[in-house]
Amino acid sequence: MSSVEHIIRAVEQGERLQADAALTLWREAPLWRLAELALERKRAVSGDKVYYNRNFHLEPTNICVFNCKFCSYRRPKGSAEAWDMSMDDVMRYVECYRGSGVTEVHIVGGVHPEHDIYYYVEMIRRIKELLPQVAVKAFTAIELSYMIRRAGLSLDEGLRLLIQAGMEAIPGGGAEIFDEQIREQICPEKGSTEEWLEVHRTAHRLGLKTNATMLYGHIESLEHRIDHLMRLRALQDETSGFNAFIPLKYRNSGNSLSALGEVPIVDDLRTLAMSRLVLDNVPHIKAYWVMYGKQTTELALSFGADDIDGTIDDSTKIYSMAGAEEQRPKMSVAEMHAMVERVGLRAVERDTMYNEITDKK
Ligand code: V47
């Protein structure tokens, strides 16, 4: 039996993948075998269900103190293409969603030079006043670390303030790739890997659920992707605080790495399946439809994903500005059900904590 066949057998028997075996599987397993293994793991966790939610994004600003090379979104202060919503703008925007049935607002944006945690505590408090039923999933670890440090607080103190204000979960952004040398080349100014992990570790200790991402398809190798997944798996062994993992494909329009091009869809599918297999302790693997586009998302459902994110309502610009297919991303509940049912699975609405919502259609 070849070594890849041995590894496939071991995975089928539930053995945990180590880095060298993961690399062999990633490189050598036939695509259909990876799909089969990943789908089987997905079924063990979530049966035939594929989760989605009714959500919108709030991106208060694209002004950012950092200048990551893969980012198409960030503008310096004073640029004609920069936006910077005032607190009143934010409240007017959020108010539009009153009575709309959304269950989550995902807040993310540039790391603004002038706002500290007290500004965002006030923002969350006022959003919860307007939309008490809506869960606030807010700020990447990098934004959190900056706003908390700027106020001279410890992570523990800062996160407690945000939780008191109504923050219920943390999204997975800012992880990029954990390998320090690659990180130094694609986002040299950004918070470190250790900082990202420490924010999530502290959040988990305080009882928050968080997500994790990995930005792939730029200058990293498969070894770097595996290292990234291993570091997440180790933290999850320690805390069990991650709800979902989201592999993010590098999209190449309008940023300083554009010359690299984009990896083919088959790489997206292998990456998704390998994420499901390596992260044996993370319950949900999300195929973020805004980043893949709808067609690839449908394919992703046969490679271990059990979540496609939400309705979005044309509220995020990160991927449209980076060249994604959907320039005004929006998906109706009926469209999501149809997509999931076409691949023989069952679409289930969830809230931010993955509780199923069955009382409305
Ligand atoms: O951290 C930026 C990525 C992330 C590009 O937690 C890019 O549910 C590809 O984290 N090509 C922010 N990716 C988005 C994010 C996210 C999205 C959806 C759901 C969740 C969740 C989290 O977007 C950044 C960065 O890794 N990103 N530019 C680009 N050109």
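Worth a mention:
- Residue list for segment 218-275, restricted to those being without any contact (Cβ under 8 Å) to a residue 12 or more places away in the chain and either among the aromatic types (Phe, Trp, Tyr) or within 19 Å of Ala141 (Cβ to Cβ) (or both): Ala234
- Condition check for Leu222: closer than 26 Å to Gly110 by Cβ, of a type in the set (A, V, I, L, M), surrounded by fewer than 21 Cβ atoms within 10 Å (Cβ to Cβ) and away from the ligand (no atom under 16 Å from the Cβ): no
- Output for segment 68-107, where each listed residue is within 16 Å of the ligand (Cβ to nearest atom) and either in contact with a Gly (Cβ under 6 Å, 6 or more places away or on another chain) or modelled with pLDDT under 95 (or both): Ser72, Tyr73, Arg74, Arg75, Glu81
- Residue within segment 136-146 that is without any contact (Cβ under 8 Å) to a residue 40 or more places away in the chain and more than 23 Å from the chain's Cα centre (by Cα) present: no
- Screening the candidates Lys77, Lys49 for the property of being under 22 Å from the mean Cα position of the chain (by Cα) and among the basic types (Lys, Arg) yields one hit, Lys49.
- Where a residue in segment 339-361 is exposed (fewer than 11 other Cβ atoms within 10 Å of the Cβ) and its partner, wherever it lies, is in a loop (DSSP other than H, G, I, E, B), with Cβ under 8 Å and at least six apart: Gly344/Asp48; Lys360/Gly101
- Selection from segment 257-270 of residues that are small (Gly, Ala, Ser) and near the ligand (Cβ under 10 Å from one of its atoms): Ser258
- For segment 151-184, a tally of residues being within 15 Å of the ligand (Cβ to nearest atom) and either within 30 Å of Glu220 (Cβ to Cβ) or touching a helix residue (DSSP H, G or I) at 6+ places or on another chain (Cβ under 9 Å) (or both) returns 14.
- Restricting Ile312, Ile318 to those that are part of a loop (DSSP other than H, G, I, E, B) and near the ligand (Cβ under 9 Å from one of its atoms) reduces the list to Ile318.
- There is no residue in segment 54-63 that is hydroxyl-bearing (Ser, Thr, Tyr) and out of contact with any strand residue (DSSP E or B) (no Cβ under 7 Å at 6 or more places or on another chain).
The values are calculated or read from the model by the stated rules, or taken from the named source; none is laboratory data. Note that the coordinates shown come from a computational prediction; the quantities given were computed from them, not determined experimentally. As a convention, Cβ positions derive from the backbone with ideal geometry for all residues, glycine included, and neighbour counts pool all protein chains shown.
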